[in-house]
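Enquirer: Dumping the structure here so I can ask a few things about it.
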């Protein structure tokens, strides 16, 4: 190495050493102070002064929120929001019993199987499995589909009225009425299903049930996010205190914003839903038109074994396609 290169190397090493020493002495203490500051902020305390009352209230709020989060997680794990037929019947608001539901399912399966047997002419060999399969699908799928439609319709009516009910509670609390009287007012003056649900809550409160348990039962009968928010707000207010009318007023604003966003999503996705409906119904419409114009051209699908296999494959592919399109245009909000 030449003397000139040696001089450059020594100068570079000296520069690196001086820079490292300056960073260590100038930034080390500052980083320690920043770490202490971040730790103090994460612990929820102030570095200067600090209000003991505010700190105690903040800790109580954190413990209450943690308890509510743990309870919600336990509810989700224990499946307290029922998925059984009895719970779904309660959620739908239908006045039927579980045995009546199963009897109706059996009748639907028998009728679908008999109609397929006599209309399709499946009367020998493996062809008998077709009406049996259709009857099985009708018995277990069709009644549950109607039940799901009833639940969705009831929850939609409930959500459309729920924000107005919270506004009634806000005005009643501001005027000096207790919470129980506000709930009774909603139960008397609201239409179904909102009035009926709050009437059940009022009856439970009159029997001595705590309000958090009564509202949890209402959440099991109407498992919507709006009811869950309402339960959390009341639980936090009862445990930590605070202005109930302000908290419920903010909740009402949030629920109305969710409703507005829901309607906007429906408007933006309406074109995709219309396209999916047209694409899904087009093969059936074409098949009917071909049958009406030239029946001999399409009857081989219904009279030969190869035609039955083609129809089965086509039905499976159509079902998969409709399921994929529905998953793409169905928004969970």
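The values are calculated or read from the model by the stated rules, or taken from the named source; none is laboratory data. Just so we're clear, the structure is a prediction, and the values are computed from it rather than from any experiment. When we count neighbours, we look across all protein chains shown, and the Cβ atoms used for this are built from the backbone with ideal geometry, even at glycine.
Enquirer: Of all residues in segment 152-166, count the ones that are in contact (Cβ under 8 Å) with a residue 40 or more places away in the chain and surrounded by 15 or more Cβ atoms within 10 Å (Cβ to Cβ). Before you say what the answer is, go through the steps one by one.
Expert: As a first pass, look at segment 152-166 and keep what is in contact (Cβ under 8 Å) with a residue 40 or more places away in the chain: 154-155, 158-160, 162-163, 166.
Filter once more, so that each one left must be surrounded by 15 or more Cβ atoms within 10 Å (Cβ to Cβ): 154-155, 158-159, 162-163, 166.
Within segment 152-166, residues that are in contact (Cβ under 8 Å) with a residue 40 or more places away in the chain and surrounded by 15 or more Cβ atoms within 10 Å (Cβ to Cβ) number 7.
Enquirer: In the list 299, 325, 277, which residue meets the criterion of being surrounded by 15 or more Cβ atoms within 10 Å (Cβ to Cβ) and farther than 30 Å from residue 174 by Cβ? Steps first, please.
Expert: On the way: 299 fails: surrounded by 15 or more Cβ atoms within 10 Å (Cβ to Cβ); 277 fails: surrounded by 15 or more Cβ atoms within 10 Å (Cβ to Cβ).
Answer to the selection: 325.
Enquirer: Something else now. Among 187, 204, 165, which is under 14 Å from residue 245 (Cα atoms) and part of a helix (DSSP H, G or I)?
Expert: Details: 187 fails: under 14 Å from residue 245 (Cα atoms); 204 fails: under 14 Å from residue 245 (Cα atoms).
Every option except 165 fails the conditions.
Enquirer: Can you tell me which of 119, 200 is surrounded by fewer than 19 Cβ atoms within 10 Å (Cβ to Cβ) and touching a helix residue (DSSP H, G or I) at 6+ places or on another chain (Cβ under 8 Å)? So that I can check it myself, show each step before the final result.
Expert: Values: 119 fails: touching a helix residue (DSSP H, G or I) at 6+ places or on another chain (Cβ under 8 Å).
Every option except 200 fails the conditions.
Enquirer: Consider only pairs whose beta carbons are under 9 Å apart and that are at least six residues apart or on different chains; among these, list those whose first residue lies in segment 317-328 and is at pLDDT 85 or above and whose second residue is exposed (fewer than 11 other Cβ atoms within 10 Å of the Cβ).
Expert: These pairs meet every condition: 318/284.
Enquirer: A further question follows. On the basis of being in a helix (DSSP H, G or I) and without any contact (Cβ under 8 Å) to a residue 24 or more places away in the chain, does residue 177 make the cut?
Expert: On the way: in a helix (DSSP H, G or I): no; without any contact (Cβ under 8 Å) to a residue 24 or more places away in the chain: yes.
No: the conditions fail for residue 177.
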